[in-house]
Amino acid sequence: MIELSGIRKAFNQGHDNEYWALDGIDLSIEANKVTALRGPSGSGKTTLLTIVGCLARPTEGRVRLEGEDISGLPERFLTEIRRKRFGFIFQQFNLIKGLSALDNIILPAYPTGRPRREVLDRAEELLAGLKLGHRRHAKVEWLSGGEQQRVAICRALINDPELVIADEPTANLDTHLASEFMGILEGLADQGRTILLTSHDPLVVESDVVQRVIDMRDGKLIHEH
Amino acid sequence: MKLWLAKQRYLIDFTLASLARRKTRNLGLLLVYTVLVFMLASVTLYTHALRQEAARVLAASPEVIVQRMVAGRHDLIPPGYMEKIGRIRGVQKMEGRLWGYYYDAVTKANYTFMVPAENPPAAGEIVVGPALERSRGLAKNNGISFRSYSGKLHTFIVADVLPQASELVSADLVLMSEQNFRAFFDYPAGHYTDIALSVANPQEVRNVAVKLAAALPDARPILRDEVLRTYASIYDWREGIVLALLSAAILAFGILAWEKASGLSAEEKREIGILKAIGWETGDVIKMKFWEGLLISLTAFLVGFVAAYVHVFHFAASLFEPVLKGWAVLYPRFQLTPHIDGLQVATLFFFTVVPYAAAVLVPIWKAAITDPDSVMRS
């Protein structure tokens, strides 16, 4: 589904503090599979995720989405790809405070201009699926960590993306909630979605749900299971 | 088009929700903004209405007034002047006028004593202006005494009070008969204060003035247009004074608006990052903030303008009245005719709404073009 070739990513390029976060990544992410990127802090996992998710462009190299080179596309087109094809679950959940769970979930649908009724129905369906229907009108800051993550998952799925990207999804959850998350992840995989996540949590990377684990260090891929 | 409308609706929905989330900040800003628009609109509406009112009242005044000058000071018109003026072509009608100022020690105010051209009061009677009616507590058929400059006491009966509609120029007026006037001020017979001329052809007014100056070198013709211009410049000047005083408030608001609008909080920047990461375009974020700025500034503009309208036309601009209206101790009290000038509204709109919208948009644009991956690193 996504192919990366010769990806390098530099920060502060040309300055004294120039730093190469990714250094020659060749990787193919297969459709309908759960892939995990594993590695210590600073290994380049999150940077790689931002490049796959069209949140950032590589300094060098090509990104192909279903054969089409998207690494050179202007910002507008990348945003459209991100909105239509990817759903994001962030480590800090990144929900907008002051808004209800339901309002947060439907945010990615705003720029699509889809009918409000349709969007709300979809949000209700997702909330019910994750047993969160009773919290729909609660402001997100009143929700527990697990509930906030489920809201973030609903938000990632509102536009029905093919690929779900999750950055350290269990980093802020206890063991019980992390197990619950893996259950949700299994459900998403069963629906045929492609999932790419970063983690160094054994509960995630050693789970049966994850079909492929790629180890990273110093901006390079070092090992694959 | 339908899609575009749906998107705008979503953006406005989100904007309203955003505004509600920062209630205290936005209400504070709205309040200061509204007060500013209110003050500016009050001053401009009021002075504009005053100019209109003065022009309306003066529309019926004579085209030319002739005064006689001695050593650069206004002096009485001696007998024989009228005959000389009568020979100037273009003068349709002329009339010698009698008027003068009287200082009333009781109210510590100056009154204008005058003999009207038509229907003068009967001997021993006067007609007073509304301000005088109020300040001396006069009513019809009351008696009032004035001590003349020669020290003699003169007593008059108030026959009538002038209507309020003309109060802007008649507040301190006392009308009396010619006989009483001459007796009160010891005016010699055949002398007048000045002469009012009617000129049939408006194009001829300047020519008549030139001929007058040639025939009577010590005469000073005053044209109606000049009086109107003087009134207009007096109000312009007063408006300028008030606006100069308000400029400190305007500057303070400018700083506040810039600070509030441009100083995006870390939370707002984070939100912009989130919106971009989940698929909002830079344009969507800017539009959303644009709606936010527009809603605040339009609300402030409308509320401020309506409040100013009510203040000026229903409460007689009580806040600015002493500065803008009075030129005497006796302040006229009158109801202004409501009048709104499109250009004036547009100017006010331009100077209040546009700077705010710009102050909002520039920093948002800066924040909105940042890379969406920043949100992954927070």
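So how far apart, in nm, are the two label points at B:ALA346 and B:HIS191 if each is 7 Å from Cα heading toward Cβ? Once both label points are built, they end up 5.5 nm from each other. Helix-only arithmetic for the protein assembly as shown: the sum of -39500 (n - 2.57) across DSSP H runs with n ≥ 4, divided by the residue total, places the mean residue ellipticity at 222 nm at -15000 deg cm²/dmol.
The residues neighbouring B:ASP104, those whose beta-carbon lies less than 10 Å from its own, together hold a net charge of +2 under the Lys/Arg +1, Asp/Glu -1 convention.
Taking a straight line from the alpha carbon of B:LYS287, these aspartates and glutamates sit under 13 Å away, with near neighbours fewer than eight places off in the same chain left out: B:ASP13. Among beta bridges identified by DSSP and lying wholly in the protein assembly as shown, the antiparallel ones come to about 70 percent. The mean number of Cβ atoms from other chains found within 10 Å of a Cβ in peptide B:60-72 is 0, as a whole number.
As a rough guide to protection, the peptides A:195-202, A:131-138 ranked by mean Cβ packing within 10 Å, highest first, stand as A:195-202, A:131-138. Each peptide in B:70-78, B:88-96 gets a packing score, the mean of other Cβ atoms within 10 Å over its residues, and the list from highest to lowest is B:88-96, B:70-78.
Other protein chain C-beta atoms within 10 Å of residue C-beta, averaged over B:4-13: 3.
Non-local lysine pairs in chain A, meaning eight or more places apart or on different chains, with alpha-carbon distances under 24 Å, amount to 10.
When the inverse distances between all different Cα atoms of the protein assembly as shown are averaged and flipped, the Kirkwood radius reads 31.1 angstrom. Per-residue mean of foreign Cβ neighbours for A:87-94 is 4 (Cβ atoms of other chains, 10 Å radius).
Read the figures in this text as sums done on the coordinates, not as results from a lab. None of the values given here were measured: they were computed from a predicted structure. Neighbour counts run over all protein chains shown; Cβ positions are idealised from the backbone, glycine included.
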